[in-house]
Structure formats: C-alpha cells, structure tokens
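Only one structure is covered here, and it is reproduced in the block below.
The values are calculated or read from the model by the stated rules, or taken from the named source; none is laboratory data. Remember, predicted model here, so these are calculated numbers, not experimental data. Ideal geometry is used to build each Cβ from the backbone, glycine not excepted, and the neighbour counts take in all protein chains shown. All accessible areas refer to the heavy atoms of the entire protein, side chains included, with ligands and DNA or RNA removed. Shrake-Rupley method; radii C 1.70, N 1.55, O 1.52, S 1.80 Å.
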Amino acid sequence: MQFVDLHCHSTASDGTLPPSEVVALALRNGLSALALTDHDTIGGVREAADAAKAAGIDFLPGIEISCDVPKPATMHLLGYGVDPHSPILLDLTNRLIEGRNDRNPRIIHRLNELGVKITLEELEAQANGGVIGRPHIAAILLRKGYVSSIKNAFDKYLAPGGSAYFDKERVSPKQAIEMVRQSGGLPVLAHPSQLRTENDAQLERTIKDLADLGLAGIEVIHSDNNDAMVEKYSKLADKYGLLKTGGSDFHGTNKKDIYLGTANGRRIPREFFDALLDRLSAGRAIPAGS
Ligand code: AMP
Ligand code: ZN
Ligand code: FE
Ligand code: FE
C-alpha cells in the first residue's frame, strides 16, 4: 500500500518548512506522492517540484483559496494541477495577496492599540517572503509571550470574535472554481466540516450546488475528520461523481499536532493521487499533430 499527502503548507505561505524540506519530510515519512497547497500562492511549487523529482516522489502543484461565504462558514478551495504560468491564476493570486497586504497593517494597528508591541517589519520578517497569514502573527505573539499558544492567539486576537480580527479579500466559490478550471486545475472542496452546515441535508445541498458550479472533488480525509465524517463525505463524493482527496493540512510547527502524511490517525491512499492525475490528463486536449 502506498500513501500520499495532498494538503500541506510551506514557507511560501504559513507553513514553517521550506518547500524542499516538506518534500524531504514526505520522503522520510514514506510517502510516494505529494501536492503542495499553499494559501493564495504557487510560489513554493517550483522548488517543491524540483526536490520531488530529485527524491523520486510524484508531485502535483496545488493552491488553497479562501472563498467568500456567509459566516460562520469557512470555505477553502483546493486547486490541483494548476498551470503555474496561467495568467488567470497569477491575476487571482495577485488580487488575494493585495487583499492580505491591505488587512495586515489593520491587524497590527489594532494590536498596537491593545498594547501589543508588534510591527509590520517584524511580521514581514516572520513571513520571510512568503504570503503573510495570521499564523505568522500568532507565532510572533507566542514568541513575545503575549499568548500561551498559537490557538490562544487566535482565540484572543485573530479569529472572528477576537479583538484584532479583520477579514480579508475573498473570491466567491463560483469565481474560485472557474478560475481554478481556467488555470488547468481541478477544484476540490477542502475540509468540508468547516462549512459548518447545520445538518446533513444542508451539507448535501451545498455540495450539489458546488458540483453544479464545476467542483471536481471533496477532501474526504483531513485532520479535522473522524471515521464517520470520512465515510459521510466519501458517500457524498460518490453520489455526485466527485473525486475523493485527502491531506493532513500540515503547517510545520505552526500546527504542532499535525504530521505530514497523517490525518487524524489515518493515512491517505495513493489511489486519491492517481485519480486526480487521470482526471487531469483526461481533461487536457491532445495537441494537433502529436
Ligand atoms: P489567514 O490565511 O490569515 O486567513 O489564516 C489562515 C490560517 O490560520 C490557516 O492555516 C488556518 O488553519 C489558521 N487558523 C484559522 N483559525 C485558526 C484557529 N482558531 N486556531 C489556529 N489556527 C487557525
Ligand atoms: Zn494555513
Ligand atoms: Fe484550509
Ligand atoms: Fe490548508
């Protein structure tokens, strides 16, 4: 049996390992394939692809996009096999990163008003060229002793309801699905439990609506999911003709209890990766004359 991880973050966004070290860890953890899915960027994909090639691990470029949905829901869309040179993808990532650049100073300013000493320069240094996310701020607050844990930083300051929470620019689920498709990728609903639907009927309606918009798959295995959830999401995927995917959502030491290649005690079967590859090559036009 071979295993993979199709959801993880590097220093290109809010993970703590550089892309090549995520690949090295995948090798040590016995994985045969990996997809890197940093928030709002494919900036780590080149390095990871090169490292994967050298290590003999199969690799798919990926991205994770936060969509605009009514609170308290969160909807993240994974895009697998996107073309790193797609102008549509670059447009999208630039826009999302601009939105973050608009949010970050507001969070810093509010934290300063609350007596927390933190500067934008420190935040930029913490992200070290990667896409800046709240876990970077949390890491600084933890290091400086303002909070007792990353989770405590979110609860107290950074999550909705926290005293320094600001939302960021998002795209609608429809736009995100279309843009991933137009960039040559397969749009997959990440961690469906974060949709926080009230019951199974509402979850199914949401999945059906997303499938009608062009969703290609559901992340059935994830660190948030217990066995019953994995089964429920798998049934929905089968019912609506969607691919099943899985990943740990590894972030390095920004999420201490998550290990690359393991999602709440489960490993992720290789067949999930192969099914994505099959669907990607089936969707690609064969150039004339080839
Ligand atoms: P951002 O990109 O700034 O919206 O931050 C998103 C990141 O923050 C993701 O990696 C989330 O898993 C993480 N995150 C969101 N809420 C929490 C929370 N309450 N505790 C810990 N991490 C969180
Ligand atoms: Zn993250
Ligand atoms: Fe996510
Ligand atoms: Fe993630």
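Order SER86, SER148 by their accessible area, 1.4 angstrom probe, all chains in place, largest first. Mind showing how you got there, number by number?
On the way: SER86 10, SER148 95 Å².
The ranking, largest first, comes out as SER148, SER86.
Measure off 7 Å from each Cα along the Cα-to-Cβ vector at LYS208 and ARG143, then give the distance between these two points in nanometres to one decimal.
Inter-label distance under the simple model: 5.0 nm.
As I understand it, the value is the acute angle between the Cα axis of helix 134-143 and the longest principal axis of the Cα atoms of the chain; what does it come to in degrees, rounded to 10?
Helix 134-143 sits roughly 50 degrees off the main axis of the chain.
Might you tell me the accessible area per residue for the chain, computed with a 1.4 Å probe and given in Å²?
Details: 13060 Å² over 290 residues.
With the other protein chains kept in place, the chain gives 45 Å² per residue.
Need the list of lysines near LYS208 for cross-linking: C-alpha distance under 24 angstrom, and skip anything on the same chain fewer than eight residues off.
Result set, ordered by chain and number: LYS71, LYS174, LYS232, LYS235, LYS239, LYS244.
At 222 nm, what value in deg cm²/dmol follows for the chain if DSSP H runs of at least 4 each add -39500 (n - 2.57) and the sum is divided by all its residues, to the nearest 500?
Details: 10 runs with 121 residues, N = 290.
The helix-only estimate for the chain comes to -13000 deg cm²/dmol at 222 nm.
How long are the semi-axes of the equivalent ellipsoid of the chain, defined as square roots of 5 times the Cα gyration tensor eigenvalues? Whole Å, largest first.
Values: eigenvalues 175, 92, 76 Å².
Over the Cα atoms of the chain, the semi-axes work out to 30, 21, 19 Å.
What length, rounded to one decimal in nm, is gained on full extension from LYS256 through to ASP200, with 0.36 nm per residue of separation minus their alpha-carbon distance?
Working: separation 56, 0.36 × 56 = 20.16 nm, distance 3.07 nm.
The LYS256-ASP200 span can extend by a further 17.1 nm.
Compute the angle between helix 19-28 and the longest alpha-carbon principal axis of the chain, please, reported from 0 to 90 degrees and rounded to the nearest 10.
60
Could you sort THR41, THR262 by accessible area so the largest value comes first, with the probe set to 1.4 Å?
Details: THR41 20, THR262 50 Å².
Output order, biggest surface exposure first: THR262, THR41.
Cα to Cα, under 22 Å, and not fewer than 8 places away if on the same chain: which lysines meet these conditions relative to LYS256?
Straight-line reach from LYS256, under 22 Å: LYS144, LYS151, LYS156.
Charges only on Cβ, +1 for Lys and Arg, -1 for Asp and Glu: so what's the dipole of segment 87-174 about the Cα centre, in debye to the nearest 20? List each step's numbers first, then the result.
Details: 14 positive and 10 negative charges, 59 e Å.
So the magnitude is around 280 debye.
Lys and Arg at +1, Asp and Glu at -1: add these up for the other residues within a Cβ distance under 14 Å of LEU6 and post the number.
Working: positive: LYS244, ARG266, ARG267, ARG270, ARG279; negative: ASP5, ASP38, ASP58, GLU64, GLU219, ASP249, GLU271, ASP274.
Cβ neighbours under 14 Å give a net charge of -3.
Where Lys and Arg each count +1 and Asp and Glu each count -1, what net charge lies around GLY56 among other residues with Cβ under 15 Å from its Cβ?
Taking every Cβ under 15 Å from that of GLY56, the sum is +1.
If you line up the long axis of helix 45-55 against the longest principal axis of the chain, both from Cα atoms, how many degrees apart are they, to the nearest 10?
60
How big is the accessible area of ASP227 in square angstrom, nearest 10, if you roll a 1.4 angstrom probe over the protein chains?
Number for this one is 100 Å².
Between the DSSP loop rule and a limit of at most 13 other Cβ atoms within 10 Å, which trypsin sites (Lys or Arg not before Pro) in segment 102-211 are left? Don't jump to the answer; show the numbers that get you there.
Values: sites: ARG103, ARG106, ARG110, LYS117, ARG143, LYS144, LYS151, LYS156, LYS168, ARG170, LYS174, ARG181, ARG196, ARG205, LYS208; in loops: LYS117, LYS144, LYS168, ARG170, ARG196.
Qualifying residues, ordered by number: LYS117, LYS144.
Ordering LYS71, LYS244 by accessible area with a probe of 1.4 Å, largest first, what comes out? Numbers along the way, then the final one.
Working: LYS71 130, LYS244 60 Å².
In descending accessible area the options line up as LYS71, LYS244.
Need the full-extension length gain, LYS174 to ASP102, defined as separation in residues times 0.36 nm minus the C-alpha distance. One decimal, nm. Kindly include the intermediate steps, with their values, before the conclusion.
Details: separation 72, 0.36 × 72 = 25.92 nm, distance 2.34 nm.
Gain on extension, LYS174 to ASP102, equals 23.6 nm.
Using the Cα centre as the reference, give the magnitude of the dipole from point charges on the C-beta atoms of the chain (Lys, Arg: +1; Asp, Glu: -1; all else neutral), rounded to the nearest 20 debye.
Numbers: 33 positive and 37 negative charges, 93 e Å.
The dipole of the chain has a size of about 440 debye.
Alpha carbons only, please: Rg and Dmax for segment 90-228, in angstrom.
Just the Cα atoms of segment 90-228 yield Rg and Dmax of 17.7, 48 Å.
When the accessible area of the chain is split by element with a 1.4 Å probe, what percent falls to carbon and sulfur?
Roughly 51 percent, rounded to a whole number.
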